[in-house]
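Read the structure below first, then the notes.
The values are calculated or read from the model by the stated rules, or taken from the named source; none is laboratory data. Fair warning: this is a prediction, and the values are worked out from it, not measured in the lab. Glycine also receives a Cβ, built like all others from the backbone with ideal geometry; neighbour counts cover every protein chain displayed. For the accessible areas, the whole protein counts, side chains as well, though only heavy atoms, and no ligand, DNA or RNA atoms are used. Shrake-Rupley method; radii C 1.70, N 1.55, O 1.52, S 1.80 Å.
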There are 2 protein chains.
Amino acid sequence: MDSTDAITVVDAPVVCRISPTVDLLFSRWTTPILWTLHRSGRLRFGELERRLGTITPKVLTERLRQLERDGLVRRQYFPEVPPRVEYEITDLGESLSPVFAALADWTDDHLPAVEQARSAYNGPLPR
Amino acid sequence: MDSTDAITVVDAPVVCRISPTVDLLFSRWTTPILWTLHRSGRLRFGELERRLGTITPKVLTERLRQLERDGLVRRQYFPEVPPRVEYEITDLGESLSPVFAALADWTDDHLPAVEQARSAYNGPLPR
DNA sequence: CTGGATCCAGACGGATACTG
DNA sequence: CAGTATCCGTCTGGATCCAG
């Protein structure tokens, strides 16, 4: 395992090594999904949909498939009538809790300052 | 501080309170920009552009304006010829370091497991 | 109940060229 | 040097309907 070489021959040096993780975790719905499953434990599809409020079943399925593929969520199918499917966080998913805790702490401590800065901003308006 | 009410009358309960922060921090380029400024300190526009590699000036300007508006980055303009502009992280931006540290730790410890799960996945292929 | 199939809209970002 | 101005492609996500 001696990757002791000081010289990397990679043409495109990795600017920011957390970017792959960011792509994994933070899109419109993945964060709320992980957050909800983390807090509520195992949930059925419909129950999850209800708690997320405005998500559509199509999008919920897409995001759940992605999270399942990436090993963060486990899907369990029960061949009953009517069918039942339950989702829960995996151990790998649970390992994210320090990340979410850090985000929650920062949100509590500093989000108001952001809102204040935003309303005080006088420069060229973005977006 | 007695928010002891068990009943919340809010129609749209906040599903995930970190979502506003997520919107603030994690888009295609905001994370690399903050990461770079955090590690390298004060940088000129062109230098930042060079370090980010493939970003275009238009997008870099857009993201920097947004970060400036939100109080995470400070822009300093020097009316010289040729003009010089320098960017740096604000104290509010620096307060994000625990968040990025948690993300970096998780990336080092668990990203390989994600890649392994992904390659082992046999279900319906998303994306 | 749990989705899959379609179609669609808007946002974000990339490419290129130009300017104070 | 540090952006702006245009144009355009892609991708996520929303709406709706349908099916096992």
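Among the numbered conditions (1) in a helix (DSSP H, G or I); (2) at positive phi, tell me where B:GLY71 comes up short.
That leaves (1) as the condition not met.
Report, by residue number, each residue of segment B:19-46 that is open to solvent by 50 Å² or more (accessible area, probe 1.4 Å), assigned to a helix (DSSP H, G or I) and away from every other protein chain (no Cβ under 11 Å).
To start, the set of residues in segment B:19-46 that are open to solvent by 50 Å² or more (accessible area, probe 1.4 Å) comprises B:20, B:23, B:28, B:38-39, B:42, B:44-45.
If we keep only those that are assigned to a helix (DSSP H, G or I) as well, we get B:20, B:23, B:38-39, B:45.
Correct list: B:PHE45 only.
For A:ARG50, which of the numbered conditions (1) among the basic types (Lys, Arg); (2) open to solvent by less than 50 Å² (accessible area, probe 1.4 Å); (3) more than 9 Å from chain B (Cβ to nearest Cβ) fails to hold?
The number of the failed condition is (2).
As an exercise: evaluate A:THR36 against (1) out of contact with any strand residue (DSSP E or B) (no Cβ under 6 Å at 6 or more places or on another chain); (2) closer than 19 Å to B:LEU103 by Cβ and give the number of the one condition it does not meet.
(2)
Tell me which residues, restricted to segment B:71-80, are open to solvent by less than 50 Å² (accessible area, probe 1.4 Å) and either within 13 Å of DNA strand C (Cβ to nearest atom) or more than 8 Å from chain A (Cβ to nearest Cβ) (or both).
If the condition is that a residue be open to solvent by less than 50 Å² (accessible area, probe 1.4 Å) and either within 13 Å of DNA strand C (Cβ to nearest atom) or more than 8 Å from chain A (Cβ to nearest Cβ) (or both), then B:VAL73, B:PHE78 are the ones that fit.
Quick one: B:PRO83 ticks every box in (1) surrounded by 18 or more Cβ atoms within 10 Å (Cβ to Cβ); (2) out of contact with any Lys or Arg (no Cβ under 7 Å at 6 or more places or on another chain) except a single one, so which number is it?
With (1) surrounded by 18 or more Cβ atoms within 10 Å (Cβ to Cβ); (2) out of contact with any Lys or Arg (no Cβ under 7 Å at 6 or more places or on another chain) applied to B:PRO83, the lone miss is (1).
Could you say whether any residue in segment B:53-67 is assigned to a helix (DSSP H, G or I), more than 11 Å from DNA strand C (Cβ to nearest atom), more than 10 Å from chain A (Cβ to nearest Cβ) and more than 13 Å from the chain's Cα centre (by Cα)?
There is no residue in segment B:53-67 that is assigned to a helix (DSSP H, G or I), more than 11 Å from DNA strand C (Cβ to nearest atom), more than 10 Å from chain A (Cβ to nearest Cβ) and more than 13 Å from the chain's Cα centre (by Cα).
Inside segment A:86-119, can you point out the residues that are exposed (fewer than 10 other Cβ atoms within 10 Å of the Cβ) and facing chain B (nearest Cβ under 8 Å)? Explain how you work it out, then say what you get.
First pass over segment A:86-119, keeping only residues exposed (fewer than 10 other Cβ atoms within 10 Å of the Cβ): A:119.
Matches in segment A:86-119: none.
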